[in-house]
Amino acid sequence: MLLLYIREDAVVVRQPIYGLLFGNVLLFALAFVMRHHTLVPLSSDRAVDFGFLDEMGALMVWGTAILFFDCIIIILLYERSRVWLGSYRWARLALCGALVLSSTRVAFWAGLHMLTGAGVQVLIGGWIAKMGAVALYSSLAALYLRYFEWPLASRKTTRISDVFDTLTYRERYEDLLARTGCDALTGALDRHSLESYGRRAIETAAAAGRPISLL
């Protein structure tokens, strides 16, 4: 998520979270439908475990809520760490990941403990695994930024593979075009925009048989 923010922007970071949330809602909807219908058993010794579905659904919703706040906090920490660590990307990535995933592990374990009675060893084991993940992904992200992202920004010739990087910025480019031609303070259109939008406005008003005013 943090690499997405560095590579793209905060808008892109939200998309995977929305996907996870939608998946959680589908799980609850599926469980709701199953409760109100007669189900064909898969085999004579297997049945739907609604208790398990309830636990998993609750944990998934809780985990997604934690992830939402994690993405906000880790981005704020990453930006703040610029003051402390400067251009040391790996140190900034590792620090933010360690702090956020430590608090995340405690929060998720609390929900897991309430629903399933998971012991402290689950908390400790999960935390060790997450710290290993922090070291691995911080290293991979730092290597990517060092050897792929920065050389791409300084390259003068364009390769076919760069088309994906160009497409990545399409949304921001379109947003820039939408804001071009307007006064930043008042939002009024400039002369060029008046000639373009004005003609269409007059044609639309004439076709609808209604008056139009110009200020």
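Expected output is a single nm value to one decimal: the length gained when fully extending between residue 37 and residue 143, i.e. 0.36 nm times separation in residues minus the C-alpha distance. What is it? Let's see the in-between values first.
Details: separation 106, 0.36 × 106 = 38.16 nm, distance 5.24 nm.
Net length gain for the segment: 32.9 nm.
Counting only heavy atoms of the protein chains, get the accessible area per residue of the stretch 48-147 (1.4 Å probe) and round it to a whole Å² value.
Numbers: 5800 Å² over 100 residues.
Using a 1.4 Å probe on heavy atoms only, each residue of the stretch 48-147 averages 58 Å².
Keeping the other protein chains in place, figure out the carbon and sulfur percent of the accessible area of the stretch 110-152, with a 1.4 Å probe.
Exposed carbon and sulfur together represent 75 percent of the surface.
Could you please report the charge total around residue 83, scoring K, R as +1 and D, E as -1 over all other residues with beta-carbon less than 15 angstrom from its beta-carbon? If you can, show how the numbers build up before the last one.
Details: positive: 80, 82, 89, 92; negative: 79.
Every neighbour counted, the sum reads +3.
With a sphere of radius 12 Å drawn around the Cβ of residue 116, what net charge do the other residues whose Cβ falls strictly inside it have (Lys, Arg +1; Asp, Glu -1)?
Details: positive: none; negative: 54, 55.
For residues surrounding residue 116, the net value is -2.
Grab the other residues whose beta carbon is less than 15 angstrom from that of residue 61, score K and R as +1, D and E as -1, and report the net. Don't skip to the end; give the middle numbers.
Numbers: positive: none; negative: 54, 55, 70.
It works out to a net charge of -3.
Once both labels are modelled 7 Å past Cα along the beta-carbon direction, what's the residue 204-residue 73 spacing in nm?
Label-label distance for residue 204 and residue 73, simple model: 4.6 nm.
The values are calculated or read from the model by the stated rules, or taken from the named source; none is laboratory data. The structure presented is a predicted model; accordingly, all values stated were derived computationally and were not measured. Because the Cβ atoms are built from the backbone with ideal geometry, glycine has one as well, and the counts that use them run over all protein chains shown. With ligands, DNA and RNA removed, areas are computed over all heavy atoms of the protein, side chains included. Shrake-Rupley method; radii C 1.70, N 1.55, O 1.52, S 1.80 Å.
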